[in-house]
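The values are calculated or read from the model by the stated rules, or taken from the named source; none is laboratory data. Not measured: the values here are computed from a predicted model. Cβ placement follows ideal geometry from the backbone for every residue including glycine, while neighbour counts extend to all protein chains displayed.
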Amino acid sequence: MTAIDVLLQRHEDGPDHGAPEVPTPLPSLHLTVVTCMDARIKVFDVFGLVHGEVHILRNAGGIVTDDVIRSLAISQRKLGTREVIVMQHTSCGMATFTDDEFRDDLAKDTGLKPTWAVEAFREVKDSVKQSLERVRRSPFIPYTDNVRGFVYDVQTAALTEVH
């Protein structure tokens with residue numbers, strides 16, 4: 001049985017019946033959370049969320065990339081969000097290699113270098129600051145007055161704000 005088969009069986013056996021009590025794609029807290037795809041980050045638990053409250057955007061490192069800007073623009077301009085949290089975390093896999101290493105590995109394996117930036121980092125606080133600036137400076141994001149960044153400690157669950 002594959003991992004996908006396991007998840008499909010869990011879905012069949014589980015309590016998920018959709019979200020009929022959430023009648024709209026507009027998040028009730030008017031907030032978007034940008035965070036890492038790391039499986040240790042339980043976004044709903046970190047913020048005590050319930051379905052329908054926020055948009056959650058996840059990618060490697062929780063980096064604000066062009067695709068995140070795209071999603072934030074749609075979230076704000078068409079779906080009513082007005083605030084953004086960027087939350088990256090300690091012990092992130094993105095801090096375990098460099099852009100050049102990864103690009104070289106891809107080129108060696110495929111014969112092609114990616115056209116996209118890897119954006120590995122060493123210091124998570126600096127990465128959060130850069131992502132915050134990308135949101136604040138984007139001409140496509142109209143609401144930037146309440147954009148805040150945090151580092152989540154995967155060992156202690158502490159949230160530290162980054163300014």
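Before moving on, here are some points about what is shown:
- For segment 19-50, the set of residues classified as among the hydroxyl-bearing types (Ser, Thr, Tyr) and either on the phi > 0 side of the Ramachandran plot or within 13 Å of the chain's Cα centre (by Cα) (or both) consists of Thr32, Thr35, listed by residue number.
- Condition met for Ser71 (part of a helix (DSSP H, G or I) and surrounded by 13 or more Cβ atoms within 10 Å (Cβ to Cβ)): yes
- Flag if Thr32 is touching a strand residue (DSSP E or B) at 6+ places or on another chain (Cβ under 8 Å), at pLDDT 95 or above, not acidic (Asp, Glu) and not in a strand (DSSP E or B): no
- Leu57 surrounded by 16 or more Cβ atoms within 10 Å (Cβ to Cβ) and either of a type in the set (Ser, Thr, Tyr) or part of a helix (DSSP H, G or I) (or both): no
- So Ala117, is it surrounded by fewer than 17 Cβ atoms within 10 Å (Cβ to Cβ), closer than 30 Å to Glu21 by Cα and more than 13 Å from the chain's Cα centre (by Cα): no
- Matching residues in segment 1-57 - criterion: being of a type in the set (Lys, Arg) and without any contact (Cβ under 8 Å) to a residue 12 or more places away in the chain: Arg10, Lys42
- Just one of the numbered conditions (1) in contact with a Cys (Cβ under 9 Å, 6 or more places away or on another chain); (2) under 19 Å from Arg136 (Cβ atoms); (3) among the small types (Gly, Ala, Ser) is not true of Ala60: (2).
- Ala107 vs. criteria surrounded by fewer than 14 Cβ atoms within 10 Å (Cβ to Cβ) and hydrophobic (A, V, I, L, M, F, W, C): yes
- Subset of segment 58-111 that is of a type in the set (A, V, I, L, M, F, W, C) and without any contact (Cβ under 8 Å) to a residue 12 or more places away in the chain - its residue that is farthest from Lys125 (Cα to Cα): Ala107
- Filtering Val124, Val128, Val135 for residues that are over 25 Å from Arg103 (Cβ atoms) and either basic (Lys, Arg) or at pLDDT 95 or above (or both) leaves a single hit, Val135.
- Just one residue in the set Val50, Val86, Val64 is β-branched (Val, Ile, Thr), under 23 Å from Thr160 (Cβ atoms) and assigned to a loop (DSSP other than H, G, I, E, B); that residue is Val64.
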